[in-house]
């Protein structure tokens, strides 16, 4: 019985570890796509954020400064995407692909300059704190390696991610600026006639998505592990993008989709450790198969924001 | 007139000397193509480049490298270096197997070499293959793990399950069992070489099940394994190079693959006109192709390291044959 409870604790803990970087990034996806701009550059932004976060955390010896750098780094890539897509009416998919090359390219280039030619950073001295250990002292609140410890004694980034889900939901659905973002994404012409600046809203939303993706990358490089390496972010941004669509362009939906994906990973690792007679490579497909099955079977039809991916040219409407 | 003949003689001598000079000490040119990791990946490619640099210092060859940004770059990079007229061109890593073979068949007069890949009977005459007996250093670190575990339980995390990685697994398990027949070995594959989070989760799970030492042979996945050891205050064992710098208090030892030595060795043979094309050269303990990390002495007691040295002598002498496959392992533990 005790082992069973611990195993469940392990699966939940692994779920949270896996999901956190995805939650940040897919929230970024929700914000930008709600404003009508497709951002498939999330992967590149995450990659750059993971590097910027680890590099800054290494040089300043402080994970919070790392997190800030990661956010700003992602935001700069977001700005580039916004300039291309909003100001110059570039095709959003193409610009996103460019960002996916630019992010890793820039990260590795700077890494080579700062770290003596290496495409990875050195190990950061201080990682993200564990809030429960920080507040109550290590092992004081819950016995270490018990169920509660496995589930709740997580890095600060995990708690921040859950809080941000609430925050993004609140801003999008309960504030004026959120309503404007959604209006611009549904029908920019109508929004413009009401005096909303489509350009400003979209710039803000795309840059926020960069910020969130950058944080997602850093959640990987300064909490899950403690350094950046050139293969650390490989496909996470695309999974986050899928989770956002899977979650019907809603923050709470994206959260559930990320948790589902992380949960499937946790289950896969757990089953693998128990020596179930399923080949490892089949087991490794579990998260993806589960996602497809649930998408087709339970989620049903998803409706994207009305004006998504459409180029909005102000001059045509004035 | 006499003056003129003296001048002419001197000139003739100079000319002869100049002409003869380069021939007597021909400058060899060697280049390598990295895989996607790049030349400073702190792993394989970097180690190969160090071998090149040693060849430059000790043998006076000219060296160069070309980095591949993606798998599709291997063949074009090979072509570029072939056209540039190098004496020997290296492909670093098994991913380049096809690219090297195809280029070598088109350019039969150009010498090539590859790390970690053997073509068997189909090896082109102008390709030299350097392969390693990874099971040997894995056996040694397994022995250390078996001696040092306090819980009688150790772990192995593999990258993707295929014969090369299984050599690490079975060599390690054999070492553990030799040191400590009662010790249990947990073994799990991540089915990835990049998913650090998965490595961390697998290692966490092993530590939770009371294993206290985990060896990984899993590339980037290993970052997560070492991270888990650091967070839980347990031991991890590194791979390919000395990984102690990643977590100085938690990396017990590392199973090293001396790619640099293999590269240097094959370049030296080439400069001596003894290039071994058309076959695979095996690097193992006997020719310093593999070994355990020099930092092992930090955490491993001297008595155990002495036993390891005795094992090395036995492996070199042929008294112990380290198993590299499941079949050999089953026979070994019997």
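Coordinate-derived values only; no laboratory data. Everything numeric here is computed off the predicted structure, so don't read it as measured data. Virtual Cβ from ideal backbone geometry, glycine too; neighbours counted across all protein chains shown.
Whole Å is fine, so just give me how far the alpha carbon centre of region A:106-150 lies from that of region A:154-197.
Result: 30 Å between the Cα centres.
Compute the angle between helix A:251-273 and the longest alpha-carbon principal axis of chain A, please, reported from 0 to 90 degrees and rounded to the nearest 10.
30
Relative to the longest principal Cα axis of chain B, at what angle does helix B:2-24 sit, 0 to 90 degrees, rounded to 10?
Approximately 20 degrees, to the nearest 10.
Please work out the Cα center distance from region A:269-318 to region A:25-103, rounded to the nearest Å.
21
How high is the FRET efficiency from residue B:84 to residue B:121, r the C-beta distance, R0 35 Å, rounded to 0.05? Present the calculation step by step, with values, prior to reporting the outcome.
Details: r = 31 Å, r/R0 = 0.88.
Efficiency computed from Cβ-Cβ geometry: 0.70.
Considering only DSSP beta bridges where both residues belong to the protein assembly as shown, give the percentage that are antiparallel (nearest 5). Show your work: numbers first, answer last.
Working: 3 of 44 bridges.
Percent antiparallel among DSSP bridges in the protein assembly as shown is about 5.
Quick one: check the C-alpha center-to-center distance for region B:202-259 versus region B:274-334, whole angstrom.
20
How high is the FRET efficiency between residue B:210 and residue A:197 when r is their beta carbon distance and R₀ equals 45 Å, given to the nearest 0.05? Let's see the in-between values first.
Working: r = 61 Å, r/R0 = 1.35.
Once rounded, the FRET efficiency stands at 0.15.
Given points 7 Å out from each Cα along the Cα-Cβ axis, report the residue B:307 to residue A:94 separation in nanometres with one decimal.
6.7
Return the single residue from A:36, A:216, A:137 with maximal mean-square fluctuation; model: Gaussian network over chain A, springs between Cα atoms under 10 Å.
Comparing A:36, A:216, A:137 in a Gaussian network model of chain A, the most mobile one is A:137.
Sorting check: for B:145-152, B:120-127, which peptide has the highest mean count of neighbouring beta carbons within 10 Å, and how do the rest follow?
Working: B:145-152: 18.9, B:120-127: 14.8.
Order by mean packing, descending: B:145-152, B:120-127.
Of B:265, B:73, B:109, which has the largest mean-square fluctuation in a 10 Å C-alpha GNM of chain B?
B:109
Against the longest alpha carbon principal axis of chain A, how many degrees, from 0 to 90 and to the nearest 10, is the axis of helix A:42-60 turned?
Taking the Cα atoms of chain A, the angle to A:42-60 is about 60 degrees.
Across every pair of different alpha-carbon atoms, what Kirkwood hydrodynamic radius in Å does region A:2-317 reach? Show your work: numbers first, answer last.
Details: mean 1/r = 0.0498 Å⁻¹.
With all distinct Cα pairs of region A:2-317 included, I get 20.1 Å.
For residue B:71 and residue B:314, what is the calculated FRET efficiency with R₀ set at 60 Å and r taken between the beta-carbons, to the nearest 0.05?
Values: r = 41 Å, r/R0 = 0.68.
Once the sixth-power term is evaluated, E becomes 0.90.
Using a 10 Å cut-off around each Cβ of peptide A:221-233, what is the average number of partner chain Cβ atoms that fall inside? Write down the numbers at each step before the final one.
On the way: counts 2, 0, 1, 8, 13, 7, 5, 1, 10, 7, 12, 7, 2.
Across the residues of A:221-233, the mean count of other-chain Cβ atoms within 10 Å is 6.
Looking only at B:249, B:71, B:212, which one moves most when chain B is put into a Gaussian network model with springs between Cα atoms under 10 Å?
Among B:249, B:71, B:212, the largest GNM mean-square fluctuation belongs to B:71.
Which whole-number value in Å³ per residue fits the convex hull of the alpha carbons of chain B? Mind showing how you got there, number by number?
Details: hull volume 54.2 nm³, N = 334.
Spelled out: Cα convex hull of chain B, divided by residues, is 162 Å³.
Using a basic spin-label model with each label point 7 Å from the Cα along Cα→Cβ, how many nm lie between residue A:311 and residue B:325?
It is 6.0 nm.
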